[in-house]
1. So what J values fall out for the stretch 65-74 if you push phi through Karplus, 6.51 cos²θ - 1.76 cosθ + 1.60 with θ = phi - 60°, rounded to Hz, Gly and Pro as x?
2. Taking the beta-carbon count within 10 Å as an exposure proxy, list I237, I7 from fewest neighbours to most.
3. With label points built 7 Å along Cα→Cβ from the Cα atoms of R115 and D44, find their separation and express it in nm.
4. Could you tell me the distance between the Cα centroids of the stretch 266-322 and the stretch 116-191, to the nearest Å?
5. Any idea what the relative contact order of the stretch 116-190 is, in percent, if you count C-alpha pairs under 8 Å spaced at least 6 apart?
6. On a 20 Å Cα-Cα criterion, which of the cross-link pairs K179/K249; K2/K225; K120/K142; K261/K313 come out too long?
7. Using each residue's phi in the stretch 148-162, evaluate 6.51 cos²θ - 1.76 cosθ + 1.60 at θ = phi - 60° and report the 3J(HN,Hα) Karplus result to the nearest Hz, with x for Gly and Pro.
8. Just the number, please: percent antiparallel of the DSSP beta bridges in the chain, rounded to the nearest 5.
Amino acid sequence: MKKRVFIIVLDSCGIGAAPDAALFNDRDCDTLKRISHSPMFRGDNMIKMGLGNIDGVDYLPKVSDPIAAYGKMMEKSAGKDTTTGHWEISGIISPTPMPTFPDGFPSEIIEEFSRLTGRKILCNKPYSGTDVIRDYGKLHEKTGALIVYTSADSVFQIAAHEKVVPIETLYEYCRIARKLLRGKYAVGRVIARPFIGEYPNYTRTSNRHDFSLEPPSDTMLDAIKNQGMTVWAVGKISDIFAGRGVTEKTLTRSNEDGMKKAVEALKRDFEGLCFINLVDFDMLYGHRQDVDGYASAFAAFDEWLPSFLSGMKREDILIITADHGCDPGDSHTNHTREYVPLIVYGEKVVPRNLGIRKTFADVAASVTKYLGVCYECPGESFID
């Protein structure tokens, strides 16, 4: 029988402040706890898998016979963002923080980017993605100048109205920025942020695209691909790894679309890994501090989950986790340094408490061991 592993990342669904959270200006953050108090929250199926049995998750019911193995993981990398989280899940620990720009990007970067694109630049400071298009969108439409902004993460974001800057042109501008941002300016991601509509009711579209740094060394994706197996990236996974180690990719427009694509992958005949990111939790609800929206999205995932589990084959394993936190009720709109959940399900998995894992890289160690792929990483397998 062909062995397959499905990893579903609930983007930003942390489960409580990590021991070193204060070093990242976080203290009382707990994304899951926050949304669990919303009247929109539902989690019966995740609870059956052992979500409430995880150490420290004392606000959800515990079950006497969970159907999955359960635990939580700490991040060893010096970050709390998409790139470091996914890279560590895949076997790479990033000991040095990626550069951030709380005062905006240096003039030499902005001036050179302006010269290379032939467009003036607006903003150049940390900003909320929805606020920045509201505050600068009208001037952007009038002048054609690009809206460049950042956040607490290591990102260079370019917002442009789709009528002013065609999508492919915006992507080309991102490629220019990606080549420009090297060395001490090497941000983790350059992100295209297209929007539509009329002032003041602009709306960001699903044509977002991330242009990431390449991982500094091989990840489990490379190891699995080199073994001749499939590495199927669903959602923004391929972008996060700059396409490295990916044999097939499927883009998604929403959590709902991502879940639909996950079921389609489940029905396909392949051997290897299907790596899925559901980004709406973070992008639409975490950063926008929409507790009820986040809770509703979690409820929708929980309601969908049985349809996926029922289609799994005997040799399949499902891992549900997250890449960082983004507590929608916190005092800021940035990511939060949190533990992430670890739920492992399949006929080959013995339901048990996996405890507190010391690194996200335990996922990479477990996946490659199960698939019979040789890959050295700093993690320890939780799969026998």
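Every number here is computed from the coordinates shown, using simple stated rules; none is lab data. These numbers were taken from a predicted model, which means no experiment stands behind them. Note that we place each Cβ from the backbone using ideal geometry, even for glycine, and neighbour counts take in every protein chain shown.
1. 10, x, 8, 9, 7, 9, x, 9, 10, 9
2. Working: I237 26, I7 23.
Going from sparsest to densest Cβ surroundings: I7, I237.
3. 6.3
4. 30
5. 29
6. K179/K249
7. 10, 8, 9, 8, 6, 7, 7, 9, 10, 10, 10, 9, 7, 6, 5
8. Approximately 35 percent, going by the DSSP bridge assignments.
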